[in-house]
């Protein structure tokens, strides 16, 4: 079974992977054999994540940069080319969340969120595709979210950015198929991450969530890793343009 999802020799960049779901995906890819480029803006957090992956027997290195800054992104890709001369896997995980209503979000806030959640992902895909085309093999996974599939009234800016990211995923899948590159998205539901710690601690909110989720609980962060490894593996070679929802049955539960 391990050989089915073997990523030995693959070079993977996971943005926003110093903690949370990004870290779990990076760790999962490393356990499958990939060399993972761990990304974030805080050097100490990134270094700690790399240390944890290495202590578990994985292969990883730090790649500290802000995905929303053009020069930083270009420098990071230059580093990848000079040190590895390839990029096989890109997971666009980094993202901002805004839980304010449409009456509270102003134009600059909305543009800033789009810059990180959509524009940066688009540009990273654009920059990565050249490296993937050279080997006629690539895996791109964009991180969408439950908000793109259901109406969450306090997340209009976030939800619209994720909906656009899913559209980008389908478009790139159609365009890049002939180049041996698959493009898919993961749509996680409610996970008990550090970012959601306050929500997890709210018993009333948790009970409401459990009543609307088929599995009746919060997702455990490591439970996202298997889905990411699958989409990046040879076993998903005929899967492209899809959104894989990992939400314990929340979106489909009535």
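Answer rounded, prolate or oblate for the range 179-235, using the Cα gyration tensor with square roots of eigenvalues a ≥ b ≥ c: rounded when a/c is under 1.5, else prolate when a/b is larger than b/c, else oblate.
Since a/c reaches 1.5 and a/b is larger than b/c, the shape of the range 179-235 is classed as prolate.
Order of 167, 3, 30 from fewest to most other C-beta atoms within 10 Å?
3, 167, 30
Build a GNM of the chain with springs between Cα atoms under 10 Å: which of 222, 84, 35 gets the top mean-square fluctuation?
With Cα springs under 10 Å in the chain, the top fluctuation among 222, 84, 35 is at 84.
In what sequence do 217, 170 fall when counting other Cβ within 10 Å, fewest first?
Starting with the residue having the fewest Cβ neighbours, the order is 217, 170.
Could you let me know the centre-to-centre spacing of the range 82-111 and the range 17-53, using Cα atoms, in angstrom?
Rounded to whole Å, the Cα centres lie 18 Å apart.
Among 50, 150, 14, determine the one that fluctuates most according to a GNM of the chain built with springs between C-alpha atoms less than 10 Å apart.
150
Shape call for the range 35-136 from the C-alpha gyration tensor, a ≥ b ≥ c root eigenvalues: rounded (a/c under 1.5), prolate (a/b greater than b/c) or oblate?
Oblate, since a/c reaches 1.5 and b/c is not below a/b.
Compute the Cα gyration tensor for the range 139-254, then decide on rounded, prolate or oblate, letting a ≥ b ≥ c be the square roots of its eigenvalues: rounded whenever a/c is under 1.5, prolate when a/b is larger than b/c in the other cases, and oblate in all that remain.
Prolate, because a/c is 1.5 or more and a/b exceeds b/c.
Mind sorting 143, 4, 199 by how few other Cβ atoms lie within 10 Å of their own Cβ, fewest first?
Lowest count first: 4, 199, 143.
Report the calculated FRET efficiency for residue 223 and residue 253 (r = Cβ-Cβ distance, R0 = 30 Å), to the nearest 0.05.
In this case the efficiency is close to 0.95.
For the range 120-172 and the range 194-210, write down the distance between their C-alpha centroids in whole Å.
Using only Cα atoms, the two centres lie 27 Å from each other.
Among 213, 15, 198, which one shows the highest mean-square fluctuation when the chain is modelled as a Gaussian network with alpha-carbon springs under 10 Å?
With Cα springs under 10 Å in the chain, the top fluctuation among 213, 15, 198 is at 198.
Laboratory data are not the source of any read-out in this text; all were calculated from the coordinates shown. It should be emphasised that the depicted structure is a prediction, and the values quoted were computed from it without experimental measurement. Every residue, glycine as well, gets a Cβ built from its backbone with ideal geometry; the counts of neighbours run over all protein chains shown.
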